[in-house]
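Take a look at the structure below.
The values are calculated or read from the model by the stated rules, or taken from the named source; none is laboratory data. Here the structure is a predicted model, which is why all the values come from computation and not from measurement. We place every Cβ from the backbone using ideal geometry, glycine too, and count neighbours over all the protein chains shown.
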Ligand SMILES: CC(C)(COP(=O)(O)OP(=O)(O)OC[C@H]1O[C@@H](n2cnc3c(N)ncnc32)[C@H](O)[C@@H]1OP(=O)(O)O)[C@@H](O)C(=O)NCCC(=O)NCCS
């Protein structure tokens, strides 16, 4: 489904983006106006990160997120837009319309996109082809803040649970690495990862009793950490499992005092189609390229170092 991010654009000092790079909870103030028990700013960020798609509007002067929209979907036929909000001060400037247009452009191949909205927003949607339908909705008002729900209950792979980082995951790591020969085809380095998984804290993504993904974390300093290696069974790619492990790893690292996260991967100048996918994943997780080290590994495998700050 063509749900890839649209490029960023700027209109009248407002920038529009479909990623969360550099967005922290403090950039999300003032939302859920008039909600009696609104989600926290942290929960708001979780909601965006766990949505299949979202768009944000940023005041280029202050860096504040001044509007957002999000979408959830089965990825095949149907989608629902749960939330659209523009901060009161920025209303009446077309921000909501741009958010809607950018999001719809990414999901135009779907059969149905539904939403519920207030009467005053009806014309905005009608001008984009939406029609009034009869809709039924149920609300659990004592759950409005979404405080008691773990984010992973809502991701696309609903049967996946994440085990906290622990050593002794070598068996699962080996099975997954061996299922990914396009990335881990060199026996010697595969064996090294397996050996390291005996002692290195490793998160596992579990589908029932079976590990379908892993993420190994190394700590060089208390303030920082590295995604040492990550893998998901090929049958389970692009179902949100990598994202889920990443979110859990970040949560764990932040609680443990880490402020920066790094990851090393094959530099895109190699043009390796598989590692270009890996890079797309890291970029979607908010990493930014920092430097290429041409000879850190072998001269024919230039290493790209990516970093992100943890908030
Ligand atoms: C990299 C890897 C761990 C990602 O796990 P995953 O569960 O497939 O990734 P997710 O479904 O959570 O993807 C999260 C986001 O990353 C981006 N992404 C992931 N795979 C992508 C791809 N092939 N092309 C473009 N973007 C991609 C997307 O933005 C995606 O969000 P979306 O699906 O809502 O658009 C997995 O693909 C993998 O095991 N790859 C092989 C091993 C590897 O590359 N390891 C790292 C080298 S050490």
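Identify the residue in the stretch 253-278 that is part of a helix (DSSP H, G or I) and in contact with a strand residue (DSSP E or B) (Cβ under 6 Å, 6 or more places away or on another chain) and, among all such residues, is farthest from residue 301 (Cα to Cα).
Among residues in the stretch 253-278 that are part of a helix (DSSP H, G or I) and in contact with a strand residue (DSSP E or B) (Cβ under 6 Å, 6 or more places away or on another chain), the one farthest from residue 301 (Cα to Cα) is 253.
Of the residues 187, 182, which is away from the ligand (no atom under 13 Å from the Cβ) and over 26 Å from residue 52 (Cα atoms)?
Testing whether each residue is away from the ligand (no atom under 13 Å from the Cβ) and over 26 Å from residue 52 (Cα atoms) leaves just 187.
Given the structure, is residue 259 modelled with pLDDT of 95 or more, assigned by TED's automatic domain parsing to the domain that holds residue 181 and over 18 Å from the mean Cα position of the chain (by Cα)?
yes
For the stretch 247-298, name all the residues that are more than 9 Å from the ligand (Cβ to nearest atom), closer than 24 Å to residue 179 by Cβ, surrounded by 13 or more Cβ atoms within 10 Å (Cβ to Cβ) and without any contact (Cβ under 8 Å) to a residue 24 or more places away in the chain.
272, 297
Out of (1) within 8 Å of the ligand (Cβ to nearest atom); (2) modelled with pLDDT under 95, the odd one out for residue 208 is which?
With (1) within 8 Å of the ligand (Cβ to nearest atom); (2) modelled with pLDDT under 95 applied to residue 208, the lone miss is (1).
Using beta carbons and a limit of 6 Å, which pairs, at least six apart or on different chains, have the first residue in the stretch 219-230 and free of Cβ contacts under 8 Å to residues at least 24 places away in the same chain and on the phi > 0 side of the Ramachandran plot and the second one within 15 Å of the ligand (Cβ to nearest atom) and part of a strand (DSSP E or B)?
Note: no pairs meet the criteria.
Could you check the stretch 1-115 for strands (runs of 3 or more DSSP E) lying wholly inside it with 3 or more residues that are more than 17 Å from the chain's Cα centre (by Cα) and within 16 Å of the ligand (Cβ to nearest atom)?
In the stretch 1-115, the matching strands (runs of 3 or more DSSP E) lie at 78-86.
Residue by residue, here is whether (1) over 26 Å from residue 25 (Cα atoms); (2) without any contact (Cβ under 8 Å) to a residue 24 or more places away in the chain; (3) not assigned by TED's automatic domain parsing to the domain that holds residue 236 holds:
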| residue | (1), (2), (3) |
| --- | --- |
| 67 | no, no, yes |
| 77 | yes, no, yes |
| 82 | no, no, yes |
| 87 | no, no, yes |
| 92 | no, yes, yes |
| 100 | no, no, yes |
| 111 | yes, no, yes |
| 119 | yes, yes, yes |
| 163 | no, no, no |
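State all residues of the stretch 219-241 that are more than 28 Å from residue 53 (Cβ to Cβ), within 12 Å of the ligand (Cβ to nearest atom) and either outside the structural domain of residue 275 (by TED's automatic domain parsing) or touching a helix residue (DSSP H, G or I) at 6+ places or on another chain (Cβ under 9 Å) (or both); if no residue qualifies, say none.
Scanning the stretch 219-241 gives 228, 229.
Look at residue 244 and say whether it is modelled with pLDDT under 95, within 12 Å of the ligand (Cβ to nearest atom) and closer than 22 Å to residue 176 by Cα.
Considered against the rule, which asks whether it is modelled with pLDDT under 95, within 12 Å of the ligand (Cβ to nearest atom) and closer than 22 Å to residue 176 by Cα, residue 244 comes out as yes.
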